[in-house]
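No lab work stands behind these numbers, since they all come straight from the coordinates. Nothing here was measured: the structure is a model prediction, and the numbers come from that model. Glycine also receives a Cβ, built like all others from the backbone with ideal geometry; neighbour counts cover every protein chain displayed.
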């Protein structure tokens with residue numbers, strides 16, 4: 001890690017790393033500022049150079065003991081302590097747990113800024129929408145094993161594309177028959193003149209078949225990360 005030996009150089013690694021556990025638990029009687037000072041003292045050679053900025057950005061309450069703070073306000077302090085010394089590597093477990101949508105958005109901005117500075121953020125999350133919008137590369141763990149590490153776009157590209165097709169009124173029965181017989185189309189659903197379906201394989205081949213229809217509108221998108229994740233867990237062939 002960081003080009004250092006994780007055993008012999010463990011103290012230096014910790015000083016250059018930020019960490020937020022999934023359960024951020026601290027002495028109940030400590031004030032927010034006392035928490036930040038105490039954790040900062042564990043890295044005496046790395047001043048909390050970003051603390052003031054982060055306190056303002058996340059609207060952190062510092063003058064109340066931890067046991068009087070809500071889950072979201074405790075989580076804000078956890079985020080600040082992980083980033084306050086501007087570490088080279090930050091390791092985060094469910095970092096937005098308890099944060100409201102505005103603070104989640106601010107956190108995502110913070111992560112992107114750190115990455116643009118050349119730093120590294122490891123983020124573990126069950127919110128696949130969050131991972132999809134923040135991460136550059138994603139690792140998926142199944143049954144305790146790392147089954148893949150790829151970019152978000154590569155993973156989404158491995159999943160089935162989803163399409164929504166609208167045909168002219170009066171042609172939907174013909175469209176239903178043609179779509180059902182088209183190779184590469186699956187999971188077909190109809191709502192009047194609107195059809196939703198998945199596409200496997202070359203999109204161009206499906207488009208060629210759709211040329212026989214009186215198409216009013218066609219929307220297509222790559223699979224979302226949660227769809228790819230579920231497919232992998234089901235053992236689908238991607």
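In the chain, helical runs assigned H by DSSP with n ≥ 4 each contribute -39500 (n - 2.57); averaged across all residues and rounded to the nearest 500, the mean residue ellipticity at 222 nm is -11500 deg cm²/dmol.
Within the range 1-128, the ratio Rg/Rh, alpha carbon atoms throughout and Rh by Kirkwood, equals 0.95. Each residue of the chain gets 171 Å³ once the volume of the Cα convex hull is shared out per residue. Note on 96, 183, 17: ascending count of other Cβ atoms within 10 Å places them as 183, 17, 96, the fewest first. Ranked for footprinting exposure by Cβ neighbours inside 10 Å, fewest first, 64, 112, 57, 51 give 64, 112, 57, 51.
Over what distance in Å are the Cα centres of the range 132-200 and the range 1-72 separated? Between the Cα centre of the range 132-200 and that of the range 1-72, the gap is 43 Å. Working note: Cα gyration tensor of the range 56-123, eigenvalues times five, square-rooted, sorted largest first, giving semi-axes of 21, 12, 11 Å. For the chain, find the longest principal axis of its Cα atoms and tell me its angle to the long axis of helix 172-181, 0 to 90°, nearest 10. It is inclined by approximately 70 degrees.
Arranged from fewest to most other beta-carbon atoms within 10 Å of their beta carbon, 71, 76 become 71, 76. Of all the C-alpha pairs in the range 168-238, what % are more than 20 Å from each other? Above the 20 Å cut-off, the range 168-238 has 33 percent of its Cα pairs. For the range 166-238, the relative contact order is 31 percent, taking Cα pairs closer than 8 Å that sit 6 or more residues apart in sequence and dividing their mean separation by the residue count.
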